Amino acid sequence: MIATYHKYIFNFKQPSGTSRGVLKTKETWFIILEHHGKKGIGECGLFRGLSIDDRPDYVDKLQWVCEHINLGLDMLLSKLVELPSIQFGLETAFKSLESENEFELFPSAFTKSKAAIPINGLIWMGSEGFMKQQIKDKIETGFACIKMKIGAIDFQAEINLIKSIRKEFTSKDIELRVDANGAFSPLEALEKLKILSEFDLHSIEQPIKQGQIEDMAKLCEKTPLPIALDEELIGVFSVTKKQQLLLTINPQYIILKPSLVGGFKGSDTWIKIAENNKMGWWITSALESNIGLNAIAQYTYKKQSKLPQGLGTGSLFTNNFESPLQVKNGTLRYEKNINWKFNL
């Protein structure tokens, strides 16, 4: 088997605001496997500033993986515990190589174009006017669930925005999720959650920064609004530590980004612990290209969650690869009559 890795830079259609700053480009790496005339493709979706494996030796590790590809998937995964995005890329590449069709990794009603995945519409941070326009666009294109990033502009301005949505649309019309990306301080968080809870929101993601375990546990105990852990899961590797974290904090939900939590295997572990402790969960992409998004979407569909998932990021880039993944009426669909165009 021959393995190679390739870097690729994606350009955002418009600068996208997060609490970590404005994103204009996103780099990623692809692992290509070749064996007996067949090809497998996987994406190592490193997220600068967020991934635990954002480290100086990242490319060296990719090189090492390619040189030792014949160790096999299980052995490689065991040696890459602290490099979740490479684990995800490898799992996908091996799955792709073994599949009849290199892009159909988890055959299902979804890949046969007979079923769709409900997703949330993502509202990026920006001026009040910009955010308002995005909300209007999402509602007009059929989204029943909207996720709004908060914590970048003035809190009162964000409350006014949410208030204006709720004036027009009740929670029966539109499910509203907010994502603070750790923007609140532990001292002010509960008060802000009380204010937000007046608007019948579904949940808030990561109200305070990760790593403040006791503060987050207290918040989850007292909150009037369901809390979903996101960044909190990054960098927690052993099953024991995963269990310890969830049992200590006891959140209402967890959010899984396979590129950040150890691929499918890592996600499976988190889901099992969450379900055993009656915690909800959903899956989101982390700005992967359509290659990574495709793998995550197919995996997600097989999990049969009834909640809207966070898989609507495929249309953010000007130079993404053409694929059968299409967003329609607030759902992600796999239109098998559309061909893949993957060229590095």
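Just so you know, all these numbers are worked out from the coordinates, no wet-lab data involved. Bear in mind the structure is a predicted one, so any value in this text is a computation, not a measurement. Virtual Cβ from ideal backbone geometry, glycine too; neighbours counted across all protein chains shown.
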Cα-based shape type of the stretch 81-185, given that a ≥ b ≥ c are square roots of the gyration tensor eigenvalues and the cut on a/c is 1.5: oblate
Positive-end extreme of charge dipole, the chain - chosen from N294, F130, F143 (charges on Cβ): F143
Percent of alpha-carbon pairs separated by more than 23 Å within the stretch 174-258: 16 percent
Sparse-neighbour loop sites [GluC sites (Glu not before Pro); the stretch 1-101; at most 10 other C-beta within 10 Å; DSSP]: E100
Relative pair counts by distance (%), Cα atoms of the stretch 117-334, 5 Å bins: 1, 7, 15, 19, 20, 17, 13, 7, 1, 0
Where labels lie 7 Å past Cα in the beta-carbon direction, separation of I9 and A115 in nm: 4.1 nm
Diffusion constant of the stretch 7-140 at 4 °C, which comes from Stokes-Einstein with the Kirkwood Cα-pair radius and 1.567 mPa s, µm²/s: 74 µm²/s
Degrees between helix 290-303 axis and first principal axis of the chain (Cα, 0 to 90, nearest 10): 70 degrees
Expected-Rg normalisation [2.2 N^0.38 Å, Cα atoms] applied to the stretch 36-99: 1.10
Cα→Cβ-extended label distance, 7 Å offset, between C66 and K302, nm: 2.8 nm
Contact order normalised by residue count of the chain, Cα under 8 Å, 6+ apart, percent: 20 percent
Under 18 Å between alpha carbons - lysine pairs in the stretch 2-98 that sit 8 or more apart or on different chains: 9
Two-site label geometry, K24 and D200: point separation in nm, points 7 Å out along Cα→Cβ: 4.2 nm
Percent RCO, i.e. relative contact order, over the stretch 232-311, from Cα pairs under 8 Å lying at least 6 residues apart: 29 percent
Value at 222 nm in deg cm²/dmol, rounded to 500, when DSSP H runs of n ≥ 4 in the chain each add -39,500 (n - 2.57): -11000 deg cm²/dmol
With Cα atoms, 0 to 90° folded angle of helix 58-67 axis to the chain main axis: 30 degrees
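Work out the length of the dipole vector of the chain about its Cα centre, built from +1 on the beta-carbon of each Lys and Arg and -1 on the beta-carbon of each Asp and Glu, and round it to the nearest 20 debye.
My answer is approximately 660 debye.
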A157-T318 FRET efficiency (beta carbon distance; Förster radius 35 Å; 0.05 resolution): 0.75
Globularity ratio of the stretch 281-320, using Cα Rg and 2.2 N^0.38 Å: 1.15
